[in-house]
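Beneath this line is the structure, given in C-alpha cells, with notes to follow.
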Amino acid sequence: MRVGLTGGIASGKSVAAEELRRLGCTVIDYDQLARQAITPGSPGESDVVIAFGPDITGPEGSVDRVALARLIYANPSARRRLESIIHPLVFSAAALEEAAAVAAGQSTVVHEIPLLAEVGDPADFDTVIVVDAPAEVRLKRLMEDRGFSPEEAGQRLAAQVSDEERRAIADLIWDGSAGEADLAAQARAWFESLCQ
C-alpha cells in the first residue's frame, strides 16, 4: 500500500510519520531527501549554487540553508526555481527508497510529502492522509518551537496551498491540533485497522 502523508508546515505530520515508522511502516521523508539533495559535493548543491550565486553559500562554500530559505520565502519565483532543481532529485530518490522497501517485503510504504497538494499527484497513492491543524496553531508552533519571527512564520504558511485545498485531496484527515500523544493515537488506530 502506497500512502501519501501530508499536512501544512507545523501541523504534526512528522509526529504521525514517526509513529507509523515505530509501528513498522517504511516512511520516506521528502524533507530529508531534499536536504540530502544539496549536501556538499552533490550535483544538486552545484546546481543550486549556479542558479542562485555565491550569496547563498557559507564560509566553507556549501549551501547556507538559512540564507537560501530567506531568499526563497521572500521571492516566489526563486522558490519555483529551487523546486525545479530539487524536486526531480527528491522524487527519484523516493522511488529508489520505495523499490528497496518493497523488495525487502514491506507492504506499507508511507511517503511523508509536505508539498503533496502543491507538487505531487494524490492519484499516485492508495490513500492520502492529511494532518490538519488551524493556521493560528501552526503559526504559534513555528514561532515557539522553531524560533521563527512572526514574519518568517507567516511567509512559510503563505508559501503553501490553503488548508481547504489540502483537505480536498484527503482520503483521511487526522487532527494535529490536540498534541503529539493524540496524533500518535490516531496513527495507531489507523494502522491497527489496516492490520485487521
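Would you say G176 is in contact with a Lys or Arg (Cβ under 8 Å, 6 or more places away or on another chain) and not acidic (D, E)? Give the derivation first.
Working: in contact with a Lys or Arg (Cβ under 8 Å, 6 or more places away or on another chain): yes; not acidic (D, E): yes.
For G176, the condition - in contact with a Lys or Arg (Cβ under 8 Å, 6 or more places away or on another chain) and not acidic (D, E) - is met.
List the pairs whose first member sits in the range 82-105 and is in contact (Cβ under 8 Å) with a residue 24 or more places away in the chain, whose second member is surrounded by fewer than 17 Cβ atoms within 10 Å (Cβ to Cβ) and of a type in the set (V, I, T), and whose Cβ atoms are under 8 Å apart, counting only residues at least 6 apart or on separate chains?
Note: pairs meeting the criteria are E83/V119; H87/V119.
Applying the selection to the range 169-192, what residues are touching a Leu at 6+ places or on another chain (Cβ under 8 Å) and not in a loop (DSSP other than H, G, I, E, B)? It would help to see each step written out before you state the result.
Residues of the range 169-192 that are touching a Leu at 6+ places or on another chain (Cβ under 8 Å), as a first pass: 169, 174-176, 187-188, 190-191.
Passing the criteria: W174, D175, A187, R188, W190, F191.
Look through V49, V63 and report the one residue that is more than 30 Å from D182 (Cβ to Cβ), without any contact (Cβ under 8 Å) to a residue 60 or more places away in the chain and under 20 Å from the mean Cα position of the chain (by Cα). Let's see the steps before the verdict.
Numbers: V49 fails: under 20 Å from the mean Cα position of the chain (by Cα).
Among V49, V63, only V63 is more than 30 Å from D182 (Cβ to Cβ), without any contact (Cβ under 8 Å) to a residue 60 or more places away in the chain and under 20 Å from the mean Cα position of the chain (by Cα).
Looking at (1) within 16 Å of the chain's Cα centre (by Cα); (2) polar (S, T, N, Q); (3) crowded, with 16+ Cβ neighbours inside 10 Å, can you tell me which one S162 breaks?
Here S162 meets the rest and fails (3).
Quick one: L82 ticks every box in (1) buried (at least 21 other Cβ atoms within 10 Å of the Cβ); (2) over 26 Å from I169 (Cβ atoms) except a single one, so which number is it?
Only one criterion in (1) buried (at least 21 other Cβ atoms within 10 Å of the Cβ); (2) over 26 Å from I169 (Cβ atoms) is unmet by L82, namely (2).
Within the range 67-78, can one find any residue that is loosely packed, with under 11 Cβ neighbours inside 10 Å and either in a helix (DSSP H, G or I) or among the hydrophobic types (A, V, I, L, M, F, W, C) (or both)? Explain how you work it out, then say what you get.
Taking the range 67-78 first, the residues loosely packed, with under 11 Cβ neighbours inside 10 Å are 77.
Next, from what is left, pick out any that are either in a helix (DSSP H, G or I) or among the hydrophobic types (A, V, I, L, M, F, W, C) (or both): 77.
The answer is yes, given that some residue of the range 67-78 is loosely packed, with under 11 Cβ neighbours inside 10 Å and either in a helix (DSSP H, G or I) or among the hydrophobic types (A, V, I, L, M, F, W, C) (or both).
Taking E144 as the residue in question, decide whether it is touching a residue at least 60 places away in the same chain (Cβ under 8 Å), surrounded by fewer than 20 Cβ atoms within 10 Å (Cβ to Cβ) and farther than 30 Å from T108 by Cα. Before the answer, list the steps.
Numbers: touching a residue at least 60 places away in the same chain (Cβ under 8 Å): no; surrounded by fewer than 20 Cβ atoms within 10 Å (Cβ to Cβ): yes; farther than 30 Å from T108 by Cα: yes.
So E144 does not fit the description; no.
Any read-out appearing in this document is the output of simple, stated calculations on the displayed coordinates, not a laboratory observation. As the structure is a prediction and not an experimental result, all values here were calculated from the model. We place every Cβ from the backbone using ideal geometry, glycine too, and count neighbours over all the protein chains shown.
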